[in-house]
1. Take the residues of the range 148-167 that are charged (D, E, K, R) and modelled with pLDDT of 95 or more: which is surrounded by the fewest Cβ atoms within 10 Å (Cβ to Cβ)?
2. Which strands (runs of 3 or more DSSP E) sit wholly inside the range 33-131 and have at least 1 residues that are open to solvent by 40 Å² or more (accessible area, probe 1.4 Å) and under 21 Å from V6 (Cβ atoms)?
3. State the number of residues belonging to the range 132-150 that are out of contact with any Ser or Thr (no Cβ under 6 Å at 6 or more places or on another chain) and part of a strand (DSSP E or B).
4. Among (1) of a type in the set (D, E, K, R); (2) on the phi > 0 side of the Ramachandran plot; (3) in contact with a helix residue (DSSP H, G or I) (Cβ under 8 Å, 6 or more places away or on another chain), there is one condition K45 misses while meeting the rest; what is its number?
5. I22: more than 25 Å from P122 (Cα to Cα), in contact (Cβ under 8 Å) with a residue 60 or more places away in the chain, in a strand (DSSP E or B) and among the hydrophobic types (A, V, I, L, M, F, W, C), yes or no?
6. Among the residues of the range 89-97, is any within 19 Å of E43 (Cα to Cα) and in contact (Cβ under 8 Å) with a residue 40 or more places away in the chain?
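The values are calculated or read from the model by the stated rules, or taken from the named source; none is laboratory data. Nothing here was measured: the structure is a model prediction, and the numbers come from that model. Note that each Cβ is placed from the backbone with ideal geometry, even for glycine, and that neighbours are counted across all protein chains shown. Calculation scope for accessible area: heavy atoms of the full protein, side chains included, ligands and nucleic acids excluded. Shrake-Rupley method; radii C 1.70, N 1.55, O 1.52, S 1.80 Å.
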Amino acid sequence: MRDGIVRVYNQNAATNKVYAEIKGYWASDRTSADGKYLIIGNEGKEFVVTDGKGVYKTGEQIITSKVTTTVGEAATTEIRNLTFNDESAIASLEELQRAYPNADIYLNGELAIDFPEDVNIPIEPNQMATASLMGSRVKFDYCSWDRAIALLKEQYAVGSIEIKIVR
């Protein structure tokens with residue numbers, strides 16, 4: 001059954017928003033996580049989803065008992081790469097947001113930064129860790145645009161990241 005759900009997502013995600021109707025519970029406290037979530041990615045047979053408040057992964061933050069998918073409104077998904085060569089990450093990210101107003105923008109990849117000691121990554125209850133710090137590198141995993149901006153404030157970055165734009 002899970003293969004069919006992944007297939008529906010893969011066939012429709014480039015042209016439409018695809019939603020997961022999830023029956024399940026939060027892994028942290030076993031309370032209900034039932035609801036409708038926008039699928040923003042898949043990893044194997046698991047989904048990375050959002051409810052607009054946070055990012056979650058099935059099989060990790062949400063333990064599912066039933067998942068169904070529905071194809072929603074028309075949307076375009078675009079993947080872009082951004083490369084930084086010891087420059088401010090904020091300017092490029094703000095330019096991207098201006099180019100795609102009202103789009104959902106997610107970052108994946110790693111950047112070397114100048115002042116890792118200034119980066120404070122809060123732990124969000126029930127949420128997937130969308131950013132992590134390893135030495136002088138910050139790693140993004142479906143990190144929302146606004147969160148990335150907050151983490152990279154006053155940082156110079158080196159490296160490339162993948163940007164997923166859903167509009």
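1. Per the stated criteria, the residue is E162.
2. Where strands (runs of 3 or more DSSP E) fall fully within the range 33-131 and carry at least 1 residues being open to solvent by 40 Å² or more (accessible area, probe 1.4 Å) and under 21 Å from V6 (Cβ atoms), they are 35-43, 46-50, 62-74, 77-88, 104-113.
3. The number of residues fulfilling the criteria is 7.
4. (2)
5. No: the conditions fail for I22.
6. Among the residues of the range 89-97, not one is within 19 Å of E43 (Cα to Cα) and in contact (Cβ under 8 Å) with a residue 40 or more places away in the chain, which makes the answer no.
Okay, residues lined up against (1) in contact with a strand residue (DSSP E or B) (Cβ under 8 Å, 6 or more places away or on another chain); (2) of a type in the set (D, E, K, R):
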| site | (1), (2) |
| --- | --- |
| Q97 | yes, no |
| D104 | yes, yes |
| A112 | yes, no |
| F115 | no, no |
| P122 | no, no |
| Q127 | yes, no |
| R137 | yes, yes |
| S144 | yes, no |
| V166 | yes, no |
